[in-house]
Amino acid sequence: MTDSPRIAFVASQADEAQRALSALTASHAQCEPADADVLVALGGDGFMLQTLHRHGHLGKPVYGMKLGTVGFLMNQHRSDALLPRIARAEPAVLRPLEMTAETEAGTRVTSLAYNEVSLLRQTRQAAHLRIDLNGITRLEELVADGVILSTAAGSTAYNFSAHGPILPLGAGVVALTPIAPFRPRRWRGAILLAETEVRFRILDPYKRPVSVTADSHEVRDVVEVTIHESRTHTVTLLFDPEHNLEERILIEQFVV
């Protein structure tokens with residue numbers, strides 16, 4: 001990256017983010033994401049995920065500033081010293097999950113997930129799921145509200161709320177976490193190698209319909225979902241050295 005990087009500013013529709021966008025584009029030259037050296041995302045974690053899904057294929061590093069409700073993937077917002085902060089920022093390379101879902105109608109839907117893929121019951125009745133790992137059935141029947149497969153970057157989000165483990169970056173693992181499991185009652189999930197292919201088969205999809213969500217992309221009435229770590233996609237997030245992503249994950253584990 002050059003001393004004066006070309007910046008593409010993108011912002012959520014929140015008033016505060018839009019005000020910051022106006023101020024920053026008035027101070028710095030704005031360019032299109034495809035022509036930029038770095039993207040600066042203004043918003044919360046939800047907007048950061050939208051930015052990665054929309055522009056991740058460009059291969060540009062993304063520096064986020066928190067102007068939303070949740071900002072685990074963002075840096076603190078300041079209107080000054082943006083270029084020096086970007087120059088000093090430390091990269092965190094994330095590899096998303098790749099999901100393929102098959103529906104009752106016979107359609108196949110693919111999507112990426114930088115945080116997690118979650119399967120959830122669509123009605124009042126619990127979901128009944130079979131879990132295969134690398135083609136071998138490891139759990140014949142999980143009866144639960146749902147189940148989550150989470151990356152390390154996403155392990156402090158929905159996964160953690162469902163009592164799943166927080167995973168260190170670079171460990172090459174993902175978290176498989178049940179949501180309100182009824183049977184097996186004592187099963188609390190598993191930590192898997194990131195390259196593991198995980199397949200969920202919905203055992204009674206007509207009586208007990210299930211949806212799947214990859215980050216914010218939902219597919220309803222699924223009969224089978226296959227997930228593995230992407231072999232071709234990566235994104236790079238930039239963090240201030242004093243608040244890098246690895247440090248934030250450590251802090252989350254020592255909050256009392």
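The values are calculated or read from the model by the stated rules, or taken from the named source; none is laboratory data. What you see is a predicted model; the values in this text were computed from it and never measured. With ideal geometry, Cβ positions are generated from the backbone for all residues, glycine too; neighbour counts draw on all protein chains shown.
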Item to check | Residue tally, condition surrounded by 14 or more Cβ atoms within 10 Å (Cβ to Cβ), among the hydrophobic types (A, V, I, L, M, F, W, C) and touching a residue at least 40 places away in the same chain (Cβ under 8 Å), over the range 8-41 | outcome: 9
Checklist outcome for this item: Checked E224, E195, E246, E252 against criteria (without any contact (Cβ under 8 Å) to a residue 40 or more places away in the chain and either part of a strand (DSSP E or B) or surrounded by fewer than 18 Cβ atoms within 10 Å (Cβ to Cβ) (or both)); the one match is E195
Checklist entry - Can you tell me which residue in the range 7-45 is farthest from L82 (Cα to Cα), limited to those that are out of contact with any Phe, Trp or Tyr (no Cβ under 7 Å at 6 or more places or on another chain) and of a type in the set (D, E, K, R)? => result D15
Next on the checklist: Quick check on H77: is it surrounded by 15 or more Cβ atoms within 10 Å (Cβ to Cβ) and modelled with pLDDT under 95?
Outcome noted: yes
Checklist entry - Limited to the range 84-138, what total is found for residues that are of a type outside the set (D, E) and part of a strand (DSSP E or B)? => result 29
Checklist outcome for this item: Just one listed residue, out of L97, L133, L139, L120, is buried (at least 21 other Cβ atoms within 10 Å of the Cβ) and either at pLDDT 95 or above or of a type in the set (G, A, S) (or both), and it is L97
Checklist outcome for this item: Pairs returned, first residue in the range 42-65 that is at positive phi, second residue that is of a type in the set (S, T, Y), beta-carbon separation under 7 angstrom, 6 or more apart or interchain, are G43/S12
